[in-house]
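Notes follow once the structure below has been shown.
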Amino acid sequence: MYRWCVSNALPLRDQEGRILKWYGSVVDLHDWKQAQEALRTREAELAHATRVMTMGEVTSSIAHEVNQPLGAIINYANACLRILKGGSGDLAGVTTALSAVVKDAERAAAVIARVRALARKSPPEMVAVEVSDVVSDVVALVRRELTERRIELITELYSDLPLILGDRVQLQQVLLNLVVNSIEAMRNIREDHRQLFIGARSHLEEGKRLVLVTVRDSGVGLKSGEISRLFETFYTTKANGMGMGLAIGRSIVEGHGGRLWAKPNAGQGAIFQFTLPAMP
Amino acid sequence: MESIVFVIDDDPSFRRSTQLLIETAGFDVSSFASAEEFLRSQRPSVPACLILDVRLPRLSGLDLQKELFKAGIQIPIIFITGHGDIPMTVQAMKAGAVEFLTKPFREQELLDAIRRAIDSDRAARHERAKLEALRGRYESLTPRERKVMERVVLGMLNKQIADELQRTEKTIKVHRSHIMQKMQASSLAELVRMAERLRGRI
């Protein structure tokens with residue numbers, strides 16, 4: 001049976017540099033290594049559980065995104081049947097309708113693929129990621145939620161964003177959590193004052209290129225003593241919140257070599273920002 | 001154009017598909033991406049109905065229903081709702097929506113609802129036109145004749161009216177026959193019914 005070990009060796013030399021003897025050590029790391037792996041697995045499981053919970057808050061939005069193309073498909077198909085039965089021979093009409101059916105079916109499939117990717121329980125996979133793709137994936141999931149709650153969405157994605165090395169699903173999780181928090185924070189704000197800003201820009205910090213992502217809302221904002229506690233595990237202001245979202249969000253961002261922080265929005269609401277280092 | 005169906009939905013594909021489906025069933029359709037766009041549009045004066053998503057961005061379906069009511073625009077509305085919109089549904093019903101369909105809807109349900117809505121709008125337009133004509137006839141009465149008519153429909157006799165308005169019975173008789181002519185009423189009973197209709201709306 002093999003075990004994880006670290007061996008070190010150090011020679012003792014005389015004045016001419018000849019080796020007189022060797023000192024050696026072997027440290028058995030096996031238990032430590034296994035504990036580390038178990039910890040990583042637990043972290044991934046916790047992240048997954050939190051992600052699924054966050055998705056739960058936007059299920060009606062997701063259902064709508066699937067239902068919408070399905071409704072269109074049914075209408076188009078019924079229209080085709082009518083044209084064919086009517087015997088008008090309007091093949092151009094049928095062709096147009098069927099092309100639209102294909103597009104809508106693809107649209108529904110894309111929503112499902114996005115949801116499945118987010119719900120999947122798989123180890124993180126670090127690949128080159130476009131931050132603007134992460135933003136549009138998340139926006140696609142919450143768009144309906146925003147509409148229904150009369151929240152105006154402003155996105156600002158610069159075209160010169162560098163690629164970053166990261167796990168797309170985990171990054172979506174971080175952003176989705178921030179957005180869901182913002183939506184929640186605007187629940188009791190006047191309808192014409194609900195505004196959500198999501199932006200991503202390239203940023204230079206101590207000579208290093210970063211992507212800076214900003215989520216800004218016009219919600220209830222942060223109390224002065226609250227900012228320091230926000231990222232603590234089990235800290236929550238929601239009635240049925242678990243207090244895991246931001247804590248996990250921060251650990252994911254830090255796992256990517258970035259930082260996540262919060263500050264009050266000038267005027268009203270809160271700003272959450274995180275950085276992700278650009279790919280070398 | 002005999003009638004028209006208006007469709008308002010913010011999802012372009014859903015809107016186009018609904019339009020196509022209704023067109024293939026033989027209706028004229030005009031569709032809009034928002035409630036605001038619909039309000040700004042020039043609409044033909046023919047029997048119509050409105051197919052409306054309850055949850056539209058900005059001005060919602062319910063808001064539009066209120067706006068139309070305030071502007072005195074009467075049009076039957078078929079609401080399209082998602083699942084779990086019960087409170088909204090109740091609100092819309094109270095405000096006079098004719099039908100509710102959930103998305104995606106069954107073709108036959110939609111087409112039946114459209115037919116019923118257009119029929120009811122046709123009947124309502126007919127009634128409104130009749131009332132409009134009646135009101136026009138009433139407007140043609142002189143102030144004195146209106147005073148007499150008020151009393152006639154209460155069942156007062158010519159003599160009583162003459163006493164109250166300090167005129168001769170003969171004068172009242174003449175007024176009375178003018179009123180019957182101008183209002184195109186063939187009997188007192190008919191005149192009473194006309195007065196009731198006018199009171200209901202004026």
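The values are calculated or read from the model by the stated rules, or taken from the named source; none is laboratory data. What you are looking at is a predicted structure, and each value in this text was computed from that prediction instead of being measured. Heads up, the Cβs are rebuilt from the backbone with ideal geometry, glycines too, and the neighbour counts pull from every protein chain shown. These accessible areas exclude ligands, DNA and RNA; they are computed on the full protein's heavy atoms, side chains included. Shrake-Rupley method; radii C 1.70, N 1.55, O 1.52, S 1.80 Å.
This table checks each residue for (1) in contact with a Pro (Cβ under 6 Å, 6 or more places away or on another chain); (2) under 30 Å from residue A:40 (Cα atoms); (3) open to solvent by 20 Å² or more (accessible area, probe 1.4 Å); (4) not aromatic (Phe, Trp, Tyr).
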{"site": "A:179", "(1), (2), (3), (4)": "no, yes, no, yes"}
{"site": "A:193", "(1), (2), (3), (4)": "no, no, yes, yes"}
{"site": "A:227", "(1), (2), (3), (4)": "no, yes, yes, yes"}
{"site": "A:254", "(1), (2), (3), (4)": "no, yes, yes, yes"}
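Of the residues examined, residue A:127 is one that is loosely packed, with under 15 Cβ neighbours inside 10 Å and away from chain B (no Cβ under 14 Å).
Need at least 2 residues that are within 14 Å of chain A (Cβ to nearest Cβ) and surrounded by fewer than 17 Cβ atoms within 10 Å (Cβ to Cβ) per element, so show me which helices (runs of 4 or more DSSP H) inside the range B:103-184 make the cut, counting only ones lying wholly within it. Once the helices (runs of 4 or more DSSP H) in the range B:103-184 are filtered for at least 2 residues that are within 14 Å of chain A (Cβ to nearest Cβ) and surrounded by fewer than 17 Cβ atoms within 10 Å (Cβ to Cβ), what remains is B:107-139.
Within 14 Å of another protein chain (Cβ to nearest Cβ) and open to solvent by 20 Å² or more (accessible area, probe 1.4 Å): does that describe residue A:66? Here the answer is yes, as residue A:66 does meet what is asked. Against the test of being in a loop (DSSP other than H, G, I, E, B) and within 30 Å of residue A:223 (Cβ to Cβ), the options A:188, A:177 yield a single qualifying residue, A:188. The C-beta contact set for the range A:253-268 (first residue touching a residue at least 24 places away in the same chain (Cβ under 8 Å), second residue part of a strand (DSSP E or B) and aliphatic (A, V, I, L, M), distance under 6 angstrom, 6+ apart or interchain) comprises A:253/A:260; A:256/A:276; A:258/A:276; A:263/A:271; A:265/A:271.
With respect to the conditions (1) without any contact (Cβ under 8 Å) to a residue 12 or more places away in the chain; (2) open to solvent by 70 Å² or more (accessible area, probe 1.4 Å); (3) not aromatic (Phe, Trp, Tyr), residue A:152 falls short on a single one, namely (1).
With respect to the conditions (1) free of Cβ contacts under 8 Å to residues at least 40 places away in the same chain; (2) within 12 Å of chain B (Cβ to nearest Cβ), residue A:114 lacks only one, and its number is (2).
The rows are residues; the columns are (1) in a helix (DSSP H, G or I); (2) within 14 Å of chain B (Cβ to nearest Cβ); (3) modelled with pLDDT of 85 or more.
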position: A:33; (1), (2), (3): yes, no, yes
position: A:43; (1), (2), (3): yes, no, no
position: A:79; (1), (2), (3): yes, yes, yes
position: A:93; (1), (2), (3): yes, yes, yes
position: A:96; (1), (2), (3): yes, yes, yes
position: A:99; (1), (2), (3): yes, yes, yes
position: A:105; (1), (2), (3): yes, yes, yes
position: A:122; (1), (2), (3): no, no, no
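For every residue, the table says whether it meets (1) among the hydrophobic types (A, V, I, L, M, F, W, C); (2) at pLDDT below 95; (3) surrounded by fewer than 22 Cβ atoms within 10 Å (Cβ to Cβ).
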position	(1), (2), (3)
A:140	yes, yes, yes
A:166	no, yes, no
A:209	no, yes, yes
A:213	yes, no, no
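The residue that is nearest to residue A:93 (Cα to Cα), counting only those in the range B:1-32 that are of a type in the set (Gly, Ala, Ser) and more than 13 Å from chain A (Cβ to nearest Cβ), is B:30.
The condition of being open to solvent by 60 Å² or more (accessible area, probe 1.4 Å), under 20 Å from residue A:110 (Cα atoms) and not charged (D, E, K, R) does not hold for residue A:27.
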